[in-house]
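One structure is given here, and the rest of the page talks about it.
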Ligand SMILES: C[S@@+](CC[C@H](N)C(=O)[O-])C[C@H]1O[C@@H](n2cnc3c(N)ncnc32)[C@H](O)[C@@H]1O
């Protein structure tokens, strides 16, 4: 079975519909979207052309739109259930000409964009879903489409370099899933979160801090910074040299 298809279908069928539970399961993911929006607004003051990878239901998209008064976003997501929610809830920005959508996967969508045509590329909780090889190709495309001086901003799961600490932290996270979802009677969702976590933690997906920052440097980025670490989550920013 195609693993990517399998968990994309899961996002669509289960997590897509129950996404509000995420607030309880992973409170930081909301904060991370807000941080991504604030960072786009801070570092791309005059820049208004933003590509978002994995817009999902629009949480991060809204954060960028609301914190950057002139940002124009192309939001990419290849899961229709998730993107449909964003299209509905963010219709006002679509009508105002500030938001468009692509239903292609991130790599395909980026490949359609010209060189040096995007001021910033932003994302939250999407790149950790990619396989190592696909992520490498996506980062090369992100670098290509950015203007010189353009920034890449990603709030995501960045696994701790210390594997023991990472395992303990992930175990605490699993305990939280059980507490919240058993109390809510959402056993099917609990099953899917655990299944998804196995994918996140697998060797061909896991985005370990030092390796991830090295991958950005290898792609050509400079001024690479990891900040706002909380448990397995962190904000990463990197620039295409002028
Ligand atoms: C965990 S959600 C994050 C959504 C939003 N950024 C947030 O923080 O709430 C990850 C999103 O990435 C999308 N995604 C996963 N792989 C993708 C790919 N290869 N291309 C485009 N979108 C992808 C999924 O469909 C999902 O909507």
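Consider segment 102-130 and keep the residues that are buried (at least 20 other Cβ atoms within 10 Å of the Cβ) and closer than 17 Å to residue 70 by Cα. The one that is nearest to the chain's Cα centre (by Cα) is 122. Filtered by the rule that a residue be touching a helix residue (DSSP H, G or I) at 6+ places or on another chain (Cβ under 7 Å) and either surrounded by fewer than 16 Cβ atoms within 10 Å (Cβ to Cβ) or more than 20 Å from residue 242 (Cβ to Cβ) (or both), segment 221-232 gives 226, 228, 230, 231, 232.
Looking at segment 132-153, is at least one residue within 9 Å of the ligand (Cβ to nearest atom) and either modelled with pLDDT under 95 or assigned to a loop (DSSP other than H, G, I, E, B) (or both)? Can you show your working first?
In the first step, residues of segment 132-153 are kept if they are within 9 Å of the ligand (Cβ to nearest atom); the result is 134, 138.
The next check asks that each one be either modelled with pLDDT under 95 or assigned to a loop (DSSP other than H, G, I, E, B) (or both); those that pass are none.
Within segment 132-153, not a single residue is within 9 Å of the ligand (Cβ to nearest atom) and either modelled with pLDDT under 95 or assigned to a loop (DSSP other than H, G, I, E, B) (or both).
The number of residues in segment 66-81 that are within 13 Å of the ligand (Cβ to nearest atom) and either surrounded by fewer than 24 Cβ atoms within 10 Å (Cβ to Cβ) or part of a helix (DSSP H, G or I) (or both) comes to 5.
When residues in segment 154-171 are screened for being within 21 Å of residue 21 (Cβ to Cβ) and surrounded by fewer than 12 Cβ atoms within 10 Å (Cβ to Cβ), 1 of them pass.
How many residues does segment 32-62 hold that are under 16 Å from residue 151 (Cβ atoms) and not in a strand (DSSP E or B)?
At the first step, the residues of segment 32-62 found to be under 16 Å from residue 151 (Cβ atoms) are 35-53, 60.
Next cut, not in a strand (DSSP E or B) only: 35-48, 60.
Within segment 32-62, residues that are under 16 Å from residue 151 (Cβ atoms) and not in a strand (DSSP E or B) number 15.
Within segment 190-203, is there a residue that is touching a strand residue (DSSP E or B) at 6+ places or on another chain (Cβ under 9 Å), surrounded by fewer than 16 Cβ atoms within 10 Å (Cβ to Cβ) and modelled with pLDDT of 95 or more? Give the steps one after another, and end with the answer.
Within segment 190-203, the subset touching a strand residue (DSSP E or B) at 6+ places or on another chain (Cβ under 9 Å) is 200-201.
When the remaining residues are screened for being surrounded by fewer than 16 Cβ atoms within 10 Å (Cβ to Cβ), the result is none.
So far as segment 190-203 goes, no, none of its residues is touching a strand residue (DSSP E or B) at 6+ places or on another chain (Cβ under 9 Å), surrounded by fewer than 16 Cβ atoms within 10 Å (Cβ to Cβ) and modelled with pLDDT of 95 or more.
On the given criteria, is residue 211 at pLDDT 95 or above, in contact with a helix residue (DSSP H, G or I) (Cβ under 6 Å, 6 or more places away or on another chain), part of a helix (DSSP H, G or I) and surrounded by 13 or more Cβ atoms within 10 Å (Cβ to Cβ)? Here the answer is no, as residue 211 does not meet what is asked.
When you look at residue 87, is it over 16 Å from residue 37 (Cβ atoms) and crowded, with 22+ Cβ neighbours inside 10 Å, yes or no? Considered against the rule, which asks whether it is over 16 Å from residue 37 (Cβ atoms) and crowded, with 22+ Cβ neighbours inside 10 Å, residue 87 comes out as no.
For segment 101-123, taking the residues that are touching a residue at least 60 places away in the same chain (Cβ under 8 Å) and in a strand (DSSP E or B), the one that is farthest from the ligand (Cβ to nearest atom) is identified as 119. You will find that of 10, 1, the residue that is more than 12 Å from the ligand (Cβ to nearest atom), more than 14 Å from the chain's Cα centre (by Cα) and at pLDDT below 80 is 1 and no other. For segment 89-100, enumerate the residues that are touching a strand residue (DSSP E or B) at 6+ places or on another chain (Cβ under 9 Å) and either touching a residue at least 24 places away in the same chain (Cβ under 8 Å) or at positive phi (or both). Hits for segment 89-100 are 90, 93, 97, 98, 99, 100.
The condition (being surrounded by fewer than 20 Cβ atoms within 10 Å (Cβ to Cβ) and modelled with pLDDT of 85 or more) is satisfied by just one residue among 52, 42, 17: 42.
The values are calculated or read from the model by the stated rules, or taken from the named source; none is laboratory data. As the structure is a computational prediction, the values presented were derived from the model and not from experiment. Note that we place each Cβ from the backbone using ideal geometry, even for glycine, and neighbour counts take in every protein chain shown.
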